[in-house]
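*Asks:* Below you'll find the structure I mean.
The values are calculated or read from the model by the stated rules, or taken from the named source; none is laboratory data. Just so it is clear, the structure is predicted and the values come from calculations on it, not from any experiment. Virtual Cβ from ideal backbone geometry, glycine too; neighbours counted across all protein chains shown. Calculation scope for accessible area: heavy atoms of the full protein, side chains included, ligands and nucleic acids excluded. Shrake-Rupley method; radii C 1.70, N 1.55, O 1.52, S 1.80 Å.
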Amino acid sequence: MLRFGTDGVRGRAYDELHPDDVVRLAQAAAEVMAPTGPVVIGRDTRASSPDFADSLITGFSAVGVPTLDMGVAPTPAVAWTAARDHTPGAMVSASHNPWPDNGVKLFGPGGRKLGDEVQAALESVLADPNRNWAPDPAGSKLTADASELLHDYQTAVAATADFDGHGLRVVVDAAHGSATAALPSPLQAHGVAVTVINAEPDGRNINHRCGSTFPEAVAEEVVRQGADLGLTFDGDADRVLAVDHTGELVDGDQIIAICAVDRRQRGRLPGNTVVVTVMTNLGFHRAMSQRGINVVTTPVGDRHVWSALQDGDWALGGEQSGHVIFPTLANTGDGLVTALQLLQVVAHRGIPLNDLAAEAMTKMPQVLHNVATGPNSIDENRLNAAVAAAEQTLGTHGRILVRPSGTEPVIRIMVEAETSEIAESVATEVAKAIGI
């Protein structure tokens, strides 16, 4: 049975996630969300994505709901269109996962990710044995080509920033994914000189040694070209990381810190507050405290960040992974919007990105271990004892967080400490305790 994780449903294509599952998901979504107009559908560049997009169209059509097919598009382009037209949206993507995986992200009318209650309702409908949808795969599909909507999105994204980027040389890594459909025009609209790399998708190379999960690719090209900075997207372009002119990584925490400090100085940070997740570096919290900026912490997942931003009427939040949300500019994490906001600060301040990052915060050494889960159960007592021992070792000079991933079959262990050696040692001991 389909279950929602941190960001929609996800699994190995044709093994854990089948086209028939996606057909049923579309039908359940039609029942629970009751769309009054067409559902906008987008997809990334995985080999399986056309099949799953077709399954969404089949499922919605079978219950009389028309669709608008954007084709290959960033996830935030689907969300933007859904918000503008006040209609639901569906995106076929497994984001940063490798190409054999795939998934579906759903957006409610207005382009917002589904809340827990709606997801629970969908799971309940999908689990109901009395639901017996039987669509005819060869039946009429109520769909229309909507690829032109991508141009509207690009224009709207470009308009979210106002700066003169002439003289800025930027390398952009499209991860062989959805960003290939939207780059480089939003950056070029501001005069930025853009070189795009990894923009030749073949269905199997999305995120492979490129993109936000492999920033070394853009770092190498930035240094080789002598560019000012680099930007690297994930597979569906809803998040972005950066590198400075030396090739040093500038992660989501640092991007948020740079934008938070800039906005506070310009009086554009409502409540002097930012929203981040439990994964955010302790150095970020220390830096914001020193500047009188409040930090609200949520569970992992940009939809949790979005919910907190809405509740507090705040204007900036996100995750270390590069999901950054500017609620007045976009209704979900948008890598292109984030990229433009960062470039805007660089252009306005007129100083290199590495100086901006150093000025905004000092990162504490952080180690992240992903331990694959298998058929054997975890010894909870052993794990709890290891975590308690780690907390005693770290004291007040670090922290540890152990959690199951919401997108992959792994346990994530994050440790921060005064030195990388201490963090690595503590993380390794806890990983051993998982015993899988």
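*Asks:* For Asp379 and Leu401 in the same chain, what is the full-extension length gain: residue separation times 0.36 nm, less their Cα-Cα distance, in nm?
*Replies:* Extra length from Asp379 to Leu401 when fully extended: 6.2 nm.
*Asks:* Stick to Cα atoms and the Kirkwood definition of Rh, then tell me Rg/Rh for segment 167-261.
*Replies:* 0.95
*Asks:* Sequence neighbours fewer than 8 away in the same chain don't count; with that in mind, list the aspartates and glutamates whose C-alpha is under 19 Å from Lys432.
*Replies:* Excluding near neighbours in sequence, the set is Asp379, Glu380, Glu391, Glu416, Glu421, Glu424.
*Asks:* Also, quick follow-up: Counting only protein heavy atoms and a 1.4 Å probe, tell me what percentage of the chain's accessible area is made up of carbon and sulfur.
*Replies:* Using a 1.4 Å probe with all protein chains present, the chain comes out at 48 percent carbon and sulfur.
*Asks:* Taking a probe of 1.4 Å, how large is the accessible area per residue of the chain, in Å²?
*Replies:* That works out to 40 Å² per residue.
*Asks:* While we're here: Sequence neighbours fewer than 8 away in the same chain don't count; with that in mind, list the lysines whose C-alpha is under 23 Å from Lys113.
*Replies:* Once the sequence-local lysines are set aside, what remains near Lys113 is Lys105.
*Asks:* Which value does Rg/Rh take for segment 331-436 over its C-alpha atoms, Rh per Kirkwood?
*Replies:* Value, to two decimals: 1.13.
*Asks:* Rg(Cα) of segment 51-167 divided by 2.2 N^0.38 Å?
*Replies:* Rg over 2.2 N^0.38 Å, computed on Cα atoms: 1.24.
*Asks:* Out of all DSSP beta bridges with both ends in the chain, state the antiparallel percent to the nearest 5.
*Replies:* 55
*Asks:* Specify the inter-centroid distance of segment 50-84 and segment 231-259, based on alpha-carbon positions, in whole Å.
*Replies:* 29
*Asks:* Here is a further query. Largest first and to the nearest Å, give the Cα extent of segment 217-308 along each principal axis.
*Replies:* Over segment 217-308, Cα extents along the principal axes are 42, 28, 23 Å.
*Asks:* To the nearest 20 debye, what is the magnitude of the charge dipole of segment 171-291 about its Cα centre, counting +1 on the Cβ of each Lys and Arg and -1 on the Cβ of each Asp and Glu?
*Replies:* The calculation lands at about 660 debye.
*Asks:* Quick one: work out the % antiparallel among DSSP beta bridges in segment 1-107, nearest 5.
*Replies:* Percent antiparallel among DSSP bridges in segment 1-107 is about 45.
*Asks:* With a 10 Å radius around each residue's Cβ, average the other Cβ atoms per peptide and rank 301-314, 271-284, highest first.
*Replies:* Sorting 301-314, 271-284 by mean packing, highest first, produces 271-284, 301-314.
*Asks:* Can you list, largest first and rounded to whole Å, the semi-axes you get for segment 99-174 by taking the square root of 5 times each eigenvalue of its Cα gyration tensor?
*Replies:* Taking √(5λ) for each eigenvalue gives 39, 19, 15 Å, largest first.
*Asks:* I need the fraction of alpha carbon pairs in the chain separated by more than 39 Å, rounded to a whole percent.
*Replies:* Cα-Cα pairs of the chain separated by over 39 Å account for 19 percent.
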